[in-house]
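Worksheet: one structure, shown below.
The values are calculated or read from the model by the stated rules, or taken from the named source; none is laboratory data. Remember, it's a predicted structure, so these values are computed and weren't measured experimentally. With ideal geometry, Cβ positions are generated from the backbone for all residues, glycine too; neighbour counts draw on all protein chains shown. SASA here: full protein model, heavy atoms, side chains in, ligands and nucleic acids out. Shrake-Rupley method; radii C 1.70, N 1.55, O 1.52, S 1.80 Å.
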Amino acid sequence: MRIGYTLMTEQAGPRELVRHAGLAEQAGFDFEVMSDHYSPWLDEQGHAPYAWSVLGAVTQATERVELMTYVTCPTVRYHPAVVAQKAATVQLLSGNRFTLGIGAGENLNEHVVGRGWPPVNVRHELLREAVEIISQLFDGGYVNYSGQHFRVDSAKLWDLPEQRVPIAVAVSGAQSVRTFAPLADAMVATEPDASLSQEWDVFQGGTSRKIGQLPICWAPDRDAAVERAHEQFRWFAGGWKVNSELPGTAGFAGATQFVRPEDVAAQIPCGPDVGPVVEAVAKFREAGFTDLALVQIGGDHQQEFLDFAKGELLPALR
């Protein structure tokens, strides 16, 4: 399993994220993923720079690691034709190190453009059309498209990389797997669910990358780690059926007001020990995931985590 590092835009500013990207590469991570948010989940996280500007800088601050959005929503806040242009540009800047990770999105980020938030079945229709448009633009030449939700009028990517940008799609159940496995190059999921991996291979007709994500909170003192994880990541306890629907930080604060620190610690490895992280990573490996990006909770606690990862965690995982 390849181990990655998450550049979490909700918990650090743009200059810090670029610095963390270089440090993570030096620490030995195999790849780096970046969230694409207009808002943090909670006020305590406190950040939300524009991911694509940061990615452009990260391509110049790193040399080896693969880069990826985890994930971008190409349907409401962005038109898919524009997402295709951004992805092709990052691929060129990075020297063919970029994967476009996309998903159906969250109300938290997409409501800001005032188009409303559609039900999940409509979001999947939107995402399917977006994947079709992006794929056609990656093929080169002029694209005209008339779908139920999107139109494209004579669009062309004038700067296309020699290596086509791989597309990874976030899925959460059988319906989304059946829809997107035939259209995508890789799977994204946040739960170590073996059925997702198995069904993905069936519907794609082969084996491909399956990329997961695991939040952890490393600190020398476990109690301090649990406190920080509760303060900044208690939104995680709601699950994605809830997380995709709430429109702002006040909603997440209200929805998680009764989540206790011990509830968060039961889901997220906290403290200085390697063992709990290794056990959590093993669940993804056993579920058929090929790649796993770690999230270190706390934007001000990345340097110490990266030192720990280089000296102890990555050698233990490998």
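Within region 209-226, residues that are touching a residue at least 60 places away in the same chain (Cβ under 8 Å) and at negative phi reach partners that are open to solvent by less than 20 Å² (accessible area, probe 1.4 Å) and among the acidic types (Asp, Glu) with beta carbons closer than 6 Å, at six or more positions or on different chains, in the pairs 209/291; 211/291. Would you point out the residue of region 163-176, among those that are assigned to a loop (DSSP other than H, G, I, E, B) and at pLDDT 95 or above, that is surrounded by the fewest Cβ atoms within 10 Å (Cβ to Cβ)? The selected residue is 163. Among the residues of region 254-267, those identified as open to solvent by 40 Å² or more (accessible area, probe 1.4 Å) and either under 11 Å from residue 41 (Cβ atoms) or touching a His at 6+ places or on another chain (Cβ under 6 Å) (or both) are 255, 261. For region 150-162, the tally of residues that are within 30 Å of residue 240 (Cβ to Cβ) and surrounded by 19 or more Cβ atoms within 10 Å (Cβ to Cβ) stands at 1. Name the single residue that is least open to solvent (accessible area, probe 1.4 Å) among those in region 191-205 being in a helix (DSSP H, G or I) and closer than 11 Å to residue 286 by Cβ. The extreme case among them is 197. The set of residues from region 1-52 being touching a residue at least 24 places away in the same chain (Cβ under 8 Å), assigned to a helix (DSSP H, G or I) and among the charged types (D, E, K, R) comprises 16, 19, 25.
If the condition is being in a helix (DSSP H, G or I) and open to solvent by less than 10 Å² (accessible area, probe 1.4 Å), then region 278-307 contributes 281, 284, 302, 305, 306.
Can you find, within region 58-71, the residue that is surrounded by the most Cβ atoms within 10 Å (Cβ to Cβ) among those that are touching a Leu at 6+ places or on another chain (Cβ under 7 Å) and closer than 22 Å to residue 210 by Cβ? Top of the filtered list is 69. Filtered by the rule that a residue be of a type outside the set (A, V, I, L, M) and either touching a Gly at 6+ places or on another chain (Cβ under 7 Å) or buried (at least 24 other Cβ atoms within 10 Å of the Cβ) (or both), region 11-31 gives 11, 16, 20, 29, 30, 31. Checked across region 139-162, the condition of being of a type outside the set (Gly, Ala, Ser) and assigned to a helix (DSSP H, G or I) holds for at least one residue.
Among the residues of region 106-149, just one is in contact with a strand residue (DSSP E or B) (Cβ under 9 Å, 6 or more places away or on another chain), open to solvent by 20 Å² or more (accessible area, probe 1.4 Å) and closer than 22 Å to residue 67 by Cβ, namely 135.
It is to be established whether one or more residues within region 65-79 are within 29 Å of residue 280 (Cα to Cα), touching a helix residue (DSSP H, G or I) at 6+ places or on another chain (Cβ under 7 Å) and assigned to a loop (DSSP other than H, G, I, E, B). Within region 65-79, one or more residues are within 29 Å of residue 280 (Cα to Cα), touching a helix residue (DSSP H, G or I) at 6+ places or on another chain (Cβ under 7 Å) and assigned to a loop (DSSP other than H, G, I, E, B).
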